[in-house]
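For reference, the structure discussed in these notes is given below.
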2 protein chains.
Amino acid sequence: MANRIIDGLQQAIFEHRLLPGTRLPEDEVGQVYGVSRTIVRSALQSLAHSQLVTIEKNRGAFIASPSIREANEVFEARALIEPRVAGMAASRIEALNLAKLKDHIAAEHAAMAAGDKGTALALSGKFHVEIARIAAHDVFTDFVQSLVKRSSLIIALYWKRPDTTCESHSHNALMDAFTDGDRQAAEEIMRSHIVDLHSGLDLTVKDEKPVSLADALKF
Amino acid sequence: MANRIIDGLQQAIFEHRLLPGTRLPEDEVGQVYGVSRTIVRSALQSLAHSQLVTIEKNRGAFIASPSIREANEVFEARALIEPRVAGMAASRIEALNLAKLKDHIAAEHAAMAAGDKGTALALSGKFHVEIARIAAHDVFTDFVQSLVKRSSLIIALYWKRPDTTCESHSHNALMDAFTDGDRQAAEEIMRSHIVDLHSGLDLTVKDEKPVSLADALKF
DNA sequence: CAATTCAATATTGTATACATTTTTTAATCA
DNA sequence: TGATTAAAAAATGTATACAATATTGAATTG
């Protein structure tokens, strides 16, 4: 079924094993998952709808390469939506959720300690989605999920300091606000956290994503 | 190509010619548009991703029936996002855009005067998308577009007063704010407009969307 | 007569075949 | 050699065929 492929590719994108510009030939993907092109096409179209994949007519599918402009827009959107979502989560959070979030952070730390950067990065993104789930607002959850996924590609392209950890200090601060059920604090911490992430990107125009060799050398 | 089908179905949904719960057999749709099921499936999956269509495994596609909860969430999201978007539009609007919006409102009035309720309704929704386009923020535009589409189904299900016009008084007020380039005013008018629309819905739980005869009688 | 079972029918799920387009490779020519 | 063209190969776009599932309706049974 297409979901296996969608999940597989998404996870690979999350963990930066698949980088922007990578070609995704239908046959090749189909062979990996042991399905026909029919299923692969369905999966690729779904990913294209989420803006994780770009489909060029008669040329095929590629891992998307968000532009600098798109990167800014995605983080502007996150800065508007996620603080609201964090506030909602703080209002209705329960012990069970707190424990789950704590586990999540622990797993992230563990992965980082083990040097498994990809997993740590993926977990760090999913933390935000988890908060949206706690807020129990499906529409916002879908938005956050979509924005977090796209952020993964943006970070792959524009993150300033490759060795620096996507510090989860803010995540701990959020945990505190949640524990206190402090809506106001959760909102404010999340807002500054997003702004922080945004400012961790190098979005100055230089060569506007060369990305794939093919695209880069074609002038 | 699938786009023709997507646009056709979307327009029909916009104009309330296709109502929530309606079945969409692949063969039938394919015959209407003169294409094979391959294309139809692609179109239906795309519409499902936009939440305009629900696909049930081995059962097929139906026009979506948003729940009361979903209806509330959609308008909460609009209340957060659209005021921001309206403000951005007010900041950067130009004469050309103003003229276009004016035409849009005129067309809406004309349709209403001609008793063409469906067209008027569709135009009324597209007015909001047009504003997002002027704001020139692709991420927000996509969100607004998605939310407006879903609103069309929500209105079909829950609009309180079937004969009452979806008054475009607010649209005129917005035009004034845009003309003045008054960001603050645009934001505030949009916010109250969305709240107004929301309150025009009957979202009290009664029989939670019977909608399709099939679903309604199966208990 | 109501309920149930089972065959017939219709619909969706997936793979494959063929058409079209793009990309690559080889050959030709200046 | 470098550029251009032509043929070959590879990839995508679409239709169709077949398999699996769901629905319908008639026949059967209590």
- Message: Run the label-point distances for B:Thr204 please: 7 Å along Cα to Cβ, every other copy, nanometres, shortest first.
- Response: 6.2
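Other chains near A:67-77: what is the mean number of their Cβ atoms within 10 Å of each residue's Cβ?
Working: counts 1, 0, 4, 2, 0, 2, 7, 2, 1, 5, 8.
Neighbouring Cβ atoms belonging to other protein chains average 3 per residue here.
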- Item | the range A:68-199, dipole about Cα centre (Lys/Arg Cβ +1, Asp/Glu Cβ -1), debye to the nearest 20 | 260
- Would you mind getting me the FRET efficiency between B:Thr179 and B:Ala113? Use the beta-carbon distance for r and R0 = 25 Å, nearest 0.05. 0.60
- Task: Quick one: plug the Kirkwood hydrodynamic radius of the protein assembly as shown (C-alpha pairs) into Stokes-Einstein at 20 °C, 1.002 mPa s, and report D in µm²/s.
- Result: 91
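What is the gain in length, in nm to one decimal, between A:Lys100 and A:Ser50 on full extension, counting 0.36 nm per residue of separation less the C-alpha to C-alpha distance? Intermediate values should be presented prior to the final figure.
Details: separation 50, 0.36 × 50 = 18.00 nm, distance 2.68 nm.
Value of the extension gain: 15.3 nm.
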- Normalising by the residue count of the range B:2-64, find the relative contact order in percent from Cα pairs under 8 Å and 6+ residues apart. 39
- Calculated from backbone phi, Karplus (6.51, -1.76, 1.60) coupling profile of the range A:147-159 in Hz, x at Gly/Pro: 5, 5, 4, 5, 4, 4, 5, 4, 5, 4, 8, 10, 4
- If one takes the accessible area of chain B alone plus chain A alone and subtracts that of the pair, with a 1.4 Å probe, what total in Å², rounded to the nearest 100, results? 2100
- Dividing the Cα radius of gyration by the Kirkwood radius, what Rg/Rh value follows for the range B:2-64? 0.91
- Table column - 3J(HN,Hα) (Hz), the range A:41-55, Karplus curve with 6.51, -1.76, 1.60, x for Gly and Pro: 4, 4, 5, 5, 5, 4, 5, 5, 4, 7, 6, 8, 9, 10, 10
- Message: Using Cα-Cα distances under 8 Å and only pairs 6 or more residues apart, what relative contact order does chain A have, in percent?
- Response: 28
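When Lys and Arg each count +1 and Asp and Glu each count -1, what net charge do the other residues less than 9 Å away from B:Ile134, Cβ to Cβ, add up to? Mind dumping the intermediate values first?
Details: positive: B:Arg92, B:Lys100, B:Arg133; negative: B:Glu94, B:Glu130.
Around B:Ile134, the surrounding residues sum to +1.
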- How many nm is it between the label spots at A:Ala136 and B:Ser199, if each spot is 7 Å from the Cα in line with the beta carbon? 2.6
- Query: Could you give, in nm with one decimal, how far A:Tyr158 is from each other copy of that position, shortest first, with labels 7 Å out from Cα toward Cβ?
  - Reply: 3.6
- Query: If you line up the long axis of helix B:95-113 against the longest principal axis of chain B, both from Cα atoms, how many degrees apart are they, to the nearest 10?
  - Reply: 50
- Report the closest approach of any chain A C-beta to the axis of the A-to-B rotation: residue and distance, in whole angstrom. A:His49, 2
- Message: Using a Gaussian network model on chain B with a 10 Å cutoff between Cα atoms, which of B:Thr204, B:Thr22, B:Thr141 fluctuates the most?
- Response: B:Thr204
- Query: For label points placed 7 Å from Cα toward Cβ, what is the shortest-first list of nm distances from A:Thr179 to its copies?
  - Reply: 5.7
- Where does each of B:130-140, A:102-112 land if you order them by average Cβ count within 10 Å, highest first? B:130-140, A:102-112
- A correct Karplus calculation of ³J(HN,Hα) over the range B:69-83, with 6.51 cos²θ - 1.76 cosθ + 1.60, θ = phi - 60°, whole Hz and x for Gly and Pro, returns 4, 4, 4, 4, 5, 4, 6, 5, 5, 4, 5, 7, 7, 5, x
- Message: Can you show me the helix-derived [θ] at 222 nm for the protein assembly as shown, built from DSSP H runs with n ≥ 4 at -39,500 (n - 2.57) apiece and divided by the number of residues, rounded to the nearest 500.
- Response: -23000 deg cm²/dmol
- Considering chain A, what Rg and Dmax in Å follow from its alpha-carbon atoms? 18.1, 58
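The values are calculated or read from the model by the stated rules, or taken from the named source; none is laboratory data. It should be emphasised that the depicted structure is a prediction, and the values quoted were computed from it without experimental measurement. Using ideal geometry, Cβ is built from the backbone for each residue, glycine included, and neighbour counts are taken over all protein chains shown. SASA here: full protein model, heavy atoms, side chains in, ligands and nucleic acids out. Shrake-Rupley method; radii C 1.70, N 1.55, O 1.52, S 1.80 Å.
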